[in-house]
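The values are calculated or read from the model by the stated rules, or taken from the named source; none is laboratory data. This one's a predicted model, so the numbers in the text were calculated from it and none came from an experiment. Here the Cβ is made from the backbone with ideal geometry for all residues, glycine too, and neighbour counts use every protein chain on show.
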Amino acid sequence: MDTPSEKFLPARVVERRQIAEDLFVLKVDPGGSFDYKAGQYATLGLERDGKRVERAYSIVSSPYERALEFFIEHVPAGQLTPLLNVLQEDHPVYLRRFAKGRFTLDLKSGHTNHLLLGTVTGVAPYVSYVRTIFQDWKKGGSPMPGEHRLFCVHGSSHAHEFGYRDELEKIAAEAPWFKYVPTISRPWDNPEWHGELGRVDDLVRKYVEVWNLTPADTTAYLCGHPGMVETGRGMLQRAGWKKEHLQFEIYFIPGTPGT
Ligand SMILES: Cc1cc2nc3c(=O)[nH]c(=O)nc-3n(C[C@H](O)[C@H](O)[C@H](O)COP(=O)(O)OP(=O)(O)OC[C@H]3O[C@@H](n4cnc5c(N)ncnc54)[C@H](O)[C@@H]3O)c2cc1C
């Protein structure tokens, strides 16, 4: 059997931030060299009843940052998140040495528009894209090869659950290549909310039109809740998007523990 040091880095929690009752941000020092591309995920683990439980988490941070950042939903009946939820600063966590995943920005198809659809913690890979490109852009370079533009619709039930709204709104106000629309599905609980309303999948058609996105110039990304991913993909396919221009990351399958 592999010893932890062969497969894992000695990562440690460096910061924990509560976002909502069931949502928190963890920042982790990887404890060694950890390479990744914006949009990839890391595998975190902890011991539970003498066994190691591991789960995948999209990386929020940009590869330019030292700490890895994660936006995590506490699933009370879950194996790992109740343990992650109570971690405090300096607690060790298992971190697989290699990042994984292909949910990275499509720079190969020739498409220059990127429609980013996410539910709650599913915004994580998009924050990583945007932080990375914003940093490049601030240094005076073009955001990416060519003139790429990113359009994000981010859904949650309530206004306090977005996690990265302030940061993304500030970037959108400054960067002409980024648009961010947060939307809530429970306006009756949020009388002070004056922004967009409805679930992400209810808004796909509207924003494809508003932003003038077409299957010929746009790659779409769907991340988070399986229902949104399924419905959103179906709508985009019916609107002419080919499968190869739809990228998706499903966070869980109901009734099935994660891997
Ligand atoms: C590529 C990838 C990236 C991911 N990135 C993130 C991320 O950035 N943030 C994040 O919070 N999660 C992310 N996940 C989900 C994560 O890997 C775990 O599945 C999740 O944290 C639950 O783990 P758990 O051990 O607590 O629950 P489990 O023991 O795995 O699951 C218990 C039960 O809860 C269900 N369940 C799992 N998650 C949810 C949920 N969110 N809502 C409702 N029911 C659920 C399961 O289907 C199962 O029936 C990602 C998953 C994948 C595959």
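Condition first: more than 12 Å from the ligand (Cβ to nearest atom) and not basic (Lys, Arg). Now tell me which residues in the stretch 84-104 satisfy that.
Step one: of the stretch 84-104, the residues more than 12 Å from the ligand (Cβ to nearest atom) are 86-98, 104.
86, 87, 88, 89, 90, 91, 92, 93, 94, 95, 98, 104, listed by residue number.
Can you tell me which residue in the stretch 227-238 is nearest to the ligand (Cβ to nearest atom), limited to those that are of a type outside the set (Val, Ile, Thr) and surrounded by 15 or more Cβ atoms within 10 Å (Cβ to Cβ)? First the steps, then the outcome.
From the stretch 227-238, those of a type outside the set (Val, Ile, Thr) are 227-228, 230, 232-238; that's our starting set.
Narrowing the set further to residues that are surrounded by 15 or more Cβ atoms within 10 Å (Cβ to Cβ) leaves 228, 232-233, 235-237.
Details: 228: 12, 232: 17, 233: 16, 235: 22, 236: 20, 237: 22 Å.
By that ranking, first place goes to 228.
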Among the candidates 120, 75, which residue alone is within 30 Å of residue 186 (Cβ to Cβ) and either more than 12 Å from the ligand (Cβ to nearest atom) or not assigned by TED's automatic domain parsing to the domain that holds residue 28 (or both)? 120
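Would you pick out the residues in the stretch 239-259 that are within 8 Å of the ligand (Cβ to nearest atom), part of a strand (DSSP E or B), of a type outside the set (A, V, I, L, M, F, W, C) and touching a residue at least 24 places away in the same chain (Cβ under 8 Å)? Can you show your working first?
Filtering the stretch 239-259 down to residues within 8 Å of the ligand (Cβ to nearest atom) leaves 249-259.
Checking which are part of a strand (DSSP E or B) leaves us with 249-250, 253, 256.
Still in the running and of a type outside the set (A, V, I, L, M, F, W, C): 249, 256.
Residue satisfying the conditions is 249 alone.
Hey, could you check the stretch 50-79 for residues that are part of a loop (DSSP other than H, G, I, E, B) and among the hydroxyl-bearing types (Ser, Thr, Tyr) and say which is surrounded by the fewest Cβ atoms within 10 Å (Cβ to Cβ)?
The first filter runs over the stretch 50-79 and keeps only residues part of a loop (DSSP other than H, G, I, E, B), leaving 50, 59-67, 74-79.
Now drop any that are not among the hydroxyl-bearing types (Ser, Thr, Tyr), which leaves 61-62, 64.
Values: 61: 21, 62: 19, 64: 10.
It comes out as 64.
Go over the candidates 34, 24 one by one and state the one that is farther than 17 Å from residue 130 by Cα and more than 12 Å from the ligand (Cβ to nearest atom). Write out each step before concluding.
Details: 24 fails: more than 12 Å from the ligand (Cβ to nearest atom).
Only one candidate qualifies: 34.
State all residues of the stretch 176-189 that are in a loop (DSSP other than H, G, I, E, B) and surrounded by 18 or more Cβ atoms within 10 Å (Cβ to Cβ); if no residue qualifies, say none. First the steps, then the outcome.
Keep residues of the stretch 176-189 that are in a loop (DSSP other than H, G, I, E, B), which gives 176-177, 185-186.
Residue satisfying the conditions is 177 alone.
Sort through 203, 168, 236, 222 and tell me the only one that's under 23 Å from residue 60 (Cα atoms) and part of a helix (DSSP H, G or I).
Working: 203 fails: under 23 Å from residue 60 (Cα atoms); 236 fails: under 23 Å from residue 60 (Cα atoms); 222 fails: part of a helix (DSSP H, G or I).
The conditions single out 168.
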